[in-house]
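Reviewing the structure listed below.
The values are calculated or read from the model by the stated rules, or taken from the named source; none is laboratory data. Keep in mind that this is a model prediction, so the values were computed, not measured. Counting neighbours? That spans all protein chains shown, and the Cβs are built from the backbone with ideal geometry, glycine included.
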Amino acid sequence: MSDLELTRLRGFQDSLGADARAMSLVEERARAIFERYSIKEIRIPVLERAQLYVRSSGETSDIVEKQMYTFTDRDEGETVVALRPEGTPGVVRAYVEAGLDRTDPEQRLFYSGPMFRRERPQKGRYRQFYQFGVEVFGRPDPACDAELLIMIDELCRDLKLPFTMEINTIGDQKCRPAFRNALVQWARAHWDELDDDCHNRLDRNPLRILDCKKDAEVTKSAPSSLDFLCDECRGHFEGVKDLLSAADVKYVVNPRMVRGLDYYTRTAFEVTAEGLGAQSTVVAGGRYDGLVEVMGGAAVAGIGFALGVDRMALALEAAGIAPSGAPNAAIIFWGASAARQAMVVGSQMRAANLNVAMLSPERKMKTLLARAWKMGARFAVIIGVDEVAQGIVQLRDLKNSSQRGVPVAEVARAITDALK
Ligand code: HAM
């Protein structure tokens, strides 16, 4: 495009063809599996009060500190609004606003759609990206944590994604202060080995010192949250692990894992996929038992996660298992009577679940066959005046260039049999 001002913004993506198909596949499979776990859909606004995220995601989270797209809405009495950087705060708000925390607190909800964060763009990290998320309310028991992790495991296996599931517990309001103090002391003792990012985190959000990627080696000697757990948090974590083993779910305990959002308590988890480079986390979430109350609701437990649809699609492509969306057959026809026949044959083939592309009759046979091959079609169904007169089509196998006449009524079956 010659006019630079009309190109897309940095960090904003167009998804076309196979990329869009892979994203849709992730969304379709996630929806199908979530529904089997009796999770109901919720749709929430893309635009919310910025204050919603300050209160929930946390003032010291990267999202609120530097990544939100905000503007002042003149129609709303000068309210500062933000494009949603994540779905959890909006879902909690909707849950409380509908009064469910008091009338029917146990809820299992899923949502999907675009999220916006002004991050430094790189492979797998965009400024508009898509999440498919789940939030469960009113379930403080470890069986709920385990059920969500079992579901995530099922989804990743269903997609045939090579993945690793990491879990941790970061304690609760009761036991976390001791862990936080230990981390602060450790950081002071290792001050010179830590970079500026970590120094800044020390006062604002000491747990995130463990997230200092540059200093991954240094943080190996940092204290572990597992050594500071109170009996309740330890019992909860043991319960989760036991149920995961009962369900034969493979996981790794990573005591260094902390999450970048402030609302988490107890169980935290991340799923990473191969072939993605630095941005390898495809699913992330955890428990947030105090959040509903912080947002003005009742004291109701909460837990959830979001999967990054863009990253999951990239991981499928990296593993060579993304669906191509290529047609099984392309129909090539010339003339009015052949066009009518093409409509009939096309309908029959689609009724047999075949993916059919109809090619423009404006070009030469050779060009159209080349186009069908380029689209990834295995067969060409060729219809001219002679074929119409005989009630047949020419079925051409584009793989070996063999061709034979097949009666119209048998085309769909002939292709289906050949594809088996
Ligand atoms: P999060 O870790 O910020 O958690 O994001 C979840 C997932 O969204 C990430 O693991 C990643 O796959 C994807 N993601 C995040 N940022 C980007 C980006 N800039 N570009 C591409 N993909 C991205 C949350 O958002 C929490 N709300 C999850 C949650 C739900 N916790 C409890 N309930």
Item to check | Options ILE392, ILE382: the member that is closer than 14 Å to VAL345 by Cα, β-branched (Val, Ile, Thr) and touching a Pro at 6+ places or on another chain (Cβ under 8 Å) | outcome: ILE392
Checklist entry - Which condition breaks for THR267 when tested against (1) at pLDDT 95 or above; (2) of a type in the set (S, T, N, Q); (3) out of contact with any Lys or Arg (no Cβ under 7 Å at 6 or more places or on another chain)? => result (3)
Item to check | Scope segment 247-261; condition buried (at least 20 other Cβ atoms within 10 Å of the Cβ), more than 16 Å from GLU135 (Cα to Cα) and near the ligand (Cβ under 10 Å from one of its atoms); matching residues | outcome: ARG259
Checklist entry - Which one of these is within 12 Å of the ligand (Cβ to nearest atom) and either among the basic types (Lys, Arg) or not in a helix (DSSP H, G or I) (or both): VAL92, VAL136, VAL80? => result VAL136
Next on the checklist: Of the residues ALA299, ALA330, only one is free of Cβ contacts under 8 Å to residues at least 12 places away in the same chain and either away from the ligand (no atom under 16 Å from the Cβ) or surrounded by fewer than 19 Cβ atoms within 10 Å (Cβ to Cβ) (or both); which?
Outcome noted: ALA299
Checklist entry - Taking into account only those residues within segment 285-296 that are surrounded by 23 or more Cβ atoms within 10 Å (Cβ to Cβ) and outside any helix (DSSP H, G or I), which is farthest from the ligand (Cβ to nearest atom)? => result ARG287
Checklist entry - Does segment 4-27 contain any residue that is aliphatic (A, V, I, L, M), assigned to a loop (DSSP other than H, G, I, E, B) and surrounded by 12 or more Cβ atoms within 10 Å (Cβ to Cβ)? => result no
Checklist entry - Here are some residues: LEU244, LEU276. Which one is part of a loop (DSSP other than H, G, I, E, B) and either more than 16 Å from the ligand (Cβ to nearest atom) or assigned by TED's automatic domain parsing to the domain that holds GLY99 (or both)? => result LEU276
Item to check | Selected residue (only one of GLU119, GLU86, GLU65 is within 16 Å of the ligand (Cβ to nearest atom), surrounded by fewer than 17 Cβ atoms within 10 Å (Cβ to Cβ), outside any strand (DSSP E or B) and in the same structural domain as ALA306 (by TED's automatic domain parsing)) | outcome: GLU65
Checklist outcome for this item: Going through segment 95-116 in order, the residues found to be of a type outside the set (Lys, Arg) and within 14 Å of the ligand (Cβ to nearest atom) are TYR95, GLN107, LEU109, PHE110, TYR111, SER112, GLY113, PRO114, MET115, PHE116
Checklist entry - If GLU48 passes every condition in (1) assigned to a helix (DSSP H, G or I); (2) charged (D, E, K, R); (3) in the same structural domain as GLY290 (by TED's automatic domain parsing); (4) more than 15 Å from VAL136 (Cα to Cα) but one, which one does it miss? => result (1)
Item to check | Every residue from segment 262-273 that is under 13 Å from GLY290 (Cβ atoms) and near the ligand (Cβ under 9 Å from one of its atoms) | outcome: TYR263, TYR264
Checklist entry - In this structure, is CYS144 in the same structural domain as PHE269 (by TED's automatic domain parsing) and among the hydrophobic types (A, V, I, L, M, F, W, C)? => result yes
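Okay, residues lined up against (1) outside any helix (DSSP H, G or I); (2) assigned by TED's automatic domain parsing to the domain that holds VAL300; (3) without any contact (Cβ under 8 Å) to a residue 60 or more places away in the chain; (4) among the hydrophobic types (A, V, I, L, M, F, W, C):
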| residue | (1), (2), (3), (4) |
| --- | --- |
| ALA187 | no, no, yes, yes |
| HIS199 | no, no, yes, no |
| LEU207 | no, no, yes, yes |
| LEU210 | no, no, yes, yes |
| LYS220 | no, no, yes, no |
| CYS233 | no, yes, no, yes |
| ARG256 | yes, yes, no, no |
| ARG259 | yes, yes, no, no |
| ASP262 | yes, yes, no, no |
Next on the checklist: Out of the residues in segment 304-315 meeting the condition of being over 10 Å from the mean Cα position of the chain (by Cα) and more than 7 Å from the ligand (Cβ to nearest atom), tell me which one is surrounded by the fewest Cβ atoms within 10 Å (Cβ to Cβ).
Outcome noted: LEU314
Checklist entry - Within the set of pairs 6+ apart or on separate chains, which have a first residue in segment 305-319 that is among the β-branched types (Val, Ile, Thr), a second that is within 10 Å of the ligand (Cβ to nearest atom), and C-beta atoms under 7 Å apart? => result VAL309/TYR130; VAL309/GLN131; VAL309/PHE132
